[in-house]
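Coordinate-derived values only; no laboratory data. In this text the structure is predicted, and so the values were computed from the model without any measurement. Reconstructed Cβ throughout: ideal geometry from the backbone, glycine too, with neighbour counts over all protein chains shown.
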Amino acid sequence: MTRESIAALCASLALAACADTGAPMPAASTNPAVQELITPGVGSLYAFSSPKGGTCPNLGWHVTVRDGSTLSGVITWDNERRMARVNGKLDQNREFTMTATEITGRGKAIIIGRVLADGRLSARISGAGCKSRLIEVPLIRPMIGGGG
């Protein structure tokens, strides 16, 4: 996603805090120990509780991969009393854009980022109290097959 398309998306959502801070997203491969490129499959889950940082409250992430490219789920805050639905697409370059809309319809945020080589989401969230905060969310891959 280009800086121009991000700026246009931020403008369409009226998110002044969404402006590019100039700090780059991590490269697609940040861990030299990762030999294999991990691709999140259908049913993969990104779940994490990110601590409060700057103007951004602590966030509870629960985002799943639906059809190989659709990301959807919820992000909670304020001790899970507030919630936003998130939806977006993962492209062939492992980059994504998600829009978060508070359940009440009042608050909106934009989340842009990429899937790193080890499967984590490196995401920058802007809006609804967060000013371009960078967060990494771990991948939880589903267990397939029989138990014991």
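Observations
- Candidate set: segment 76-90, residues that are of a type in the set (A, V, I, L, M, F, W, C) and under 15 Å from A100 (Cβ atoms); chosen: the one nearest to the chain's Cα centre (by Cα): V86
- For segment 51-69, residues that are surrounded by 14 or more Cβ atoms within 10 Å (Cβ to Cβ) and in contact with a Gly (Cβ under 8 Å, 6 or more places away or on another chain) total 7.
- Pick from segment 72-100, criterion in contact with a Lys or Arg (Cβ under 7 Å, 6 or more places away or on another chain) and without any contact (Cβ under 8 Å) to a residue 40 or more places away in the chain, ranking: nearest to R114 (Cα to Cα): F96
- Residue count for segment 52-75 under the criterion of being part of a strand (DSSP E or B) and more than 13 Å from the chain's Cα centre (by Cα): the result is 2.
- Residues located in segment 97-109, provided they are within 9 Å of the chain's Cα centre (by Cα) and surrounded by 22 or more Cβ atoms within 10 Å (Cβ to Cβ): M98
- A109 vs. criteria touching a Lys or Arg at 6+ places or on another chain (Cβ under 9 Å) and part of a strand (DSSP E or B): no
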